[in-house]
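The values are calculated or read from the model by the stated rules, or taken from the named source; none is laboratory data. Every value quoted in this text rests on a predicted model; they were computed, and no experiment measured them. Neighbour counts run over all protein chains shown; Cβ positions are idealised from the backbone, glycine included. Ligands, DNA and RNA are excluded from the accessible area calculation, which covers all protein heavy atoms including side chains. Shrake-Rupley method; radii C 1.70, N 1.55, O 1.52, S 1.80 Å.
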2 protein chains.
Amino acid sequence: MNENLKPHLIDFRISGNTEIGYLAVIENNKNIPFDIKRVFWTYYNPDMITRGRHAHYKLEQILVAMAGKLTVLSEGINGEVTTYVLDTPNVGLYIPPMYWHDMEFSDNALMLSLASLPYDESDYIRKYDDF
Amino acid sequence: MNENLKPHLIDFRISGNTEIGYLAVIENNKNIPFDIKRVFWTYYNPDMITRGRHAHYKLEQILVAMAGKLTVLSEGINGEVTTYVLDTPNVGLYIPPMYWHDMEFSDNALMLSLASLPYDESDYIRKYDDF
């Protein structure tokens, strides 16, 4: 892992035959800086909700709004807060370890997450005061 | 890889707090039989289209209809054809190597694919006669 990486947007769209639609592609350690160990996605969320509200000690992840809109607030340990709006399926947000993140969902949003580690509750920082 | 695996559906839904929606989770070699090396998804496809029309020598993959409906026809080398309808975001279809597959998209379908290998054109069998 590159310790200097900060949250940033990545465009995964690849060129191709657009007559049958568009394609976005991610390859491990090629256009993302880690190997994918776990994939999860949300669906059927009612109205607007907020997920996240935690940080990770080690986990890196990519978030994509496959449908609808996600507004992601990320905060680093030195206190800088950045807001990212994800509203197109070809763009993902890289979130490094030790960034607190909240995701506000539009009422039809579908969030895909690609994560660098298997699930491990001890990697979560769930209390903002601990962060 | 288990050579005896055939195409089959897998439910990725996990239980949890459904007041904020639902969650589906995949972990490498836990509820799928391979490590994810590549992820791709389609979006903005116009009207009904068909993708696929190929088989792979080695690649294994999971297909999920994140939105809309996918009708997947899979054919093994001994000629048996099975049709799978994917229309809920928590269910994926495992496709082993050496299965020809066609995917018919509804006009708002969004297909997620999780694949066991990086992109390699030499792994594709694109002519049905070769299959």
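Across all Cα pairs in region B:1-71, the calculated P(r) in 10 Å bins from zero up to the longest distance comes to 12, 42, 35, 10, 0 percent per bin. Please compare each pair in A:Lys30/B:Lys37; A:Lys30/B:Lys127; A:Lys58/B:Lys30; A:Lys58/A:Lys127; B:Lys37/B:Lys127 to a cut-off of 18 Å on the Cα-Cα distance and tell me which ones are over it. Long pairs (Cα-Cα over 18 Å): A:Lys30/B:Lys127; A:Lys58/B:Lys30; B:Lys37/B:Lys127. Shortest first, A:Lys127 label-point distances to identical copies amount to 6.7 nm, with the label point at 7 Å from Cα along Cα→Cβ. Per-residue mean of foreign Cβ neighbours for B:72-82 is 0 (Cβ atoms of other chains, 10 Å radius). Estimated from the Cβ-Cβ distance and a Förster radius of 30 angstrom, the FRET efficiency linking B:Ser15 and A:Met48 is about 0.85. For the residues of A:114-126, the average number of beta carbons from a partner chain within 10 Å of their own beta carbon is 1. Gyration tensor over the Cα atoms of chain A: the corresponding equivalent ellipsoid has semi-axes (square roots of 5 times the eigenvalues, largest first) of 24, 18, 13 Å.
Distances from B:Leu73 to itself in the other copies, using label points 7 Å out along the Cα-Cβ axis, amount to 5.1 nm in increasing order. A label point on A:Ser15, set 7 Å along the Cα-to-Cβ line, lies at 5.1 nm from each of its counterparts in the other copies, closest listed first.
Full extension of the segment from A:Asp102 to A:Ser122, taken as 0.36 nm per residue of separation minus the current Cα-Cα distance, would add 5.3 nm. For A:Val85, the solvent-accessible surface with a 1.4 Å probe is about 80 Å², rounded to the nearest 10.
Radius of gyration (Cα atoms) of the protein assembly as shown, expressed as a multiple of 2.2 N^0.38 Å: 1.01.
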